[in-house]
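To start, the structure itself, in structure tokens.
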Amino acid sequence: MLALLIDLFFPRMCVFCDTQKTLLCDECKNQKLEYYKTQFCHVCHADSPIEMVHSKCLRKTNLDGVIVVAHYNKYAKILIEEMKYNLYFALSAEIGLLMKRKLLEYDINYEVAIPVPLHKFKENYRGFNQAELLSKAVSARVDNCIRRTKNTKSQVSLNREERIKNLKDVFELKHQINYKSVLLVDDVMTSGSTLEECAKVLKNAGVEKVYGLVFARGD
Ligand SMILES: [Zn+2]
Ligand SMILES: [Zn+2]
């Protein structure tokens with residue numbers, strides 16, 4: 001009923017074109033987004049068509065693989081921005097669906113989806129965490145178990161080394177966990193240092209497998 005009313009007063013239209021009744025029409029979904037076709041290794045950033053991470057790279061990371069749906073092109077950027085600032089609930093379902101579809105290509109088990117936390121003040125300002133919305137779209141079981149210990153500087157203006165330093169020990173668990181295998185979810189990754197730091201916290205807590213899932217990856 002509520003959905004019906006919302007559609008009545010705010011008719012849906014594709015974010016990119018005039019197609020009605022959808023926020024992301026099939027044509028734009030297929031033509032504007034550039035999907036990852038080959039698995040990439042999040043450690044050396046080269047293709048890794050057989051393994052999720054090259055075995056030689058695995059000892060340098062706490063992540064057992066990162067799954068990326070699309071390249072962070074200008075359309076992916078618009079989708080993420082629209083989700084964050086305008087159409088978040090409805091659009092997070094669409095983006096979440098693409099993430100869920102991508103997951104089907106992989107033979108991995110996970111007990112729970114865990115959102116990468118936002119800076120506390122940002123979450124308060126916007127009132128929600130988009131990674132949590134995506135987690136809910138992807139998995140029936142979500143545990144918001146990681147938090148930031150302090151407000152790190154925004155990662156955007158920093159180079160790779162500064163990013164890693166900026167993130168050192170800024171994540172911690174809110175409560176004890178007892179998972180063997182989890183899926184860490186975020187909207188966008190760049191260097192992967194945020195996912196890496198969250199994965200470290202989870203592995204330290206005894207989780208055996210930590211997989212990352214993001215919608216888009218930029219350089
Ligand atoms: Zn469209
Ligand atoms: Zn590698």
Before we move on, is LEU104 more than 16 Å from ligand 2 (Cβ to nearest atom), out of contact with any Gly (no Cβ under 9 Å at 6 or more places or on another chain), touching a residue at least 40 places away in the same chain (Cβ under 8 Å) and not β-branched (Val, Ile, Thr)?
-> no
For region 8-49, the count of residues that are within 16 Å of ligand 2 (Cβ to nearest atom), part of a loop (DSSP other than H, G, I, E, B) and either surrounded by 12 or more Cβ atoms within 10 Å (Cβ to Cβ) or aliphatic (A, V, I, L, M) (or both) equals 9
Restricting the search to region 82-131, which residues are farther than 15 Å from VAL15 by Cβ, surrounded by fewer than 20 Cβ atoms within 10 Å (Cβ to Cβ) and at pLDDT 90 or above?
-> LYS100, ARG101, LYS102, LEU103, LEU104, GLU105, TYR106, ASP107, ILE108, ASN109, GLU111, VAL112
Scan of region 45-86 for residues that are within 21 Å of SER181 (Cα to Cα), of a type in the set (Val, Ile, Thr) and within 15 Å of the chain's Cα centre (by Cα), ordered by number | VAL66, ILE67, VAL68, VAL69
Looking only at region 12-35, which residues are of a type in the set (Phe, Trp, Tyr) and either more than 8 Å from ligand 1 (Cβ to nearest atom) or touching an Asp or Glu at 6+ places or on another chain (Cβ under 7 Å) (or both)?
-> TYR35
Here are ILE95, ILE78, ILE67: which of them is closer than 23 Å to ALA131 by Cβ, of a type in the set (A, V, I, L, M, F, W, C) and either outside the structural domain of ASN204 (by TED's automatic domain parsing) or within 14 Å of ligand 1 (Cβ to nearest atom) (or both)?
-> ILE78
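The values are calculated or read from the model by the stated rules, or taken from the named source; none is laboratory data. This is a predicted model, so every value here is computed, not measured. No Cβ is skipped: glycine too gets one built from the backbone with ideal geometry, and neighbour counts run over all protein chains shown.
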